[in-house]
Amino acid sequence: MKKILAILTALLLSACASQPQLKAPDYIKHNEKSYYLASSQDLGTMVRYFYLVKGENVENWQSAVELLFDRNNEQRTLSDRIALRKRVYKNTGVQHFELYLHNNELYSFVMYQPTEKNPNWQVDIAKGKDFPFCGFVQYQYSFKLTKLPKSAMSKSKIESYLKKYIGDKELSQLKQYQLTGCNPG
């Protein structure tokens, strides 16, 4: 009996000491496209899974899906995450973004303008949720629009187009998705 108690205690302690894990799928279906796991990074407190359609690579892609798993060692609330993101966007010059809470989930829309380093417009639409004893899980869809010739569309028209036809549409779809959390241990 003492051996069984010692084994159960050891199992319990190892389960408590092990970090939660996100069981990331090999592929994700989004907008009738299949996105396959192209890369993953485990930074200890956070894990990032990046998905692309076949034929694209991490340096050259048009659309992507990303799963972000923050083990939330710092115990950030969703409101903390909004404040942190607002600070980051302000400090990095991102002008167009929306962050809000709905049904205990964090939604975000971020638009990046073209730069010398990245000549495309990029829109990131995400939904994130805290899971007890697990952490924060975020599902993000990203879309790039090739920079158009100056005469094609004005900057404000491109921004309106991306907001209406990509951002609003994707946010509406993300509200339908159920985030399921992770597998502790």
For segment 117-134, pairs from a residue that is at pLDDT 90 or above to a residue that is of a type in the set (Ser, Thr, Tyr) and part of a loop (DSSP other than H, G, I, E, B), with Cβ under 8 Å and 6 or more apart or across chains, are LYS127/TYR177; ASP130/THR77
Test result for TYR100, part of a strand (DSSP E or B) and surrounded by 13 or more Cβ atoms within 10 Å (Cβ to Cβ):
no
When (1) over 15 Å from the mean Cα position of the chain (by Cα); (2) closer than 21 Å to VAL53 by Cβ are applied to ASP124, the one that fails is (1)
So, first residue surrounded by 12 or more Cβ atoms within 10 Å (Cβ to Cβ) in segment 152-176, second residue part of a helix (DSSP H, G or I), Cβ within less than 9 Å, six or more apart or across chains; the pairs are MET153/TYR161
ask   = Could you say whether any residue in segment 35-57 is under 19 Å from TYR177 (Cβ atoms) and among the polar types (S, T, N, Q)?
value = no
Of TYR49, TYR89, TYR107, TYR35, the only residue that is surrounded by 16 or more Cβ atoms within 10 Å (Cβ to Cβ), free of Cβ contacts under 8 Å to residues at least 24 places away in the same chain and touching a strand residue (DSSP E or B) at 6+ places or on another chain (Cβ under 9 Å) is TYR89
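What about TYR89, is it assigned to a strand (DSSP E or B) and hydroxyl-bearing (Ser, Thr, Tyr)?
Judged against the criteria, TYR89 is not a match.
The values are calculated or read from the model by the stated rules, or taken from the named source; none is laboratory data. In this text, all values refer to a predicted model and were calculated from it rather than measured experimentally. Cβ: placed from backbone, ideal geometry, glycine included. Neighbour counts: every protein chain shown.
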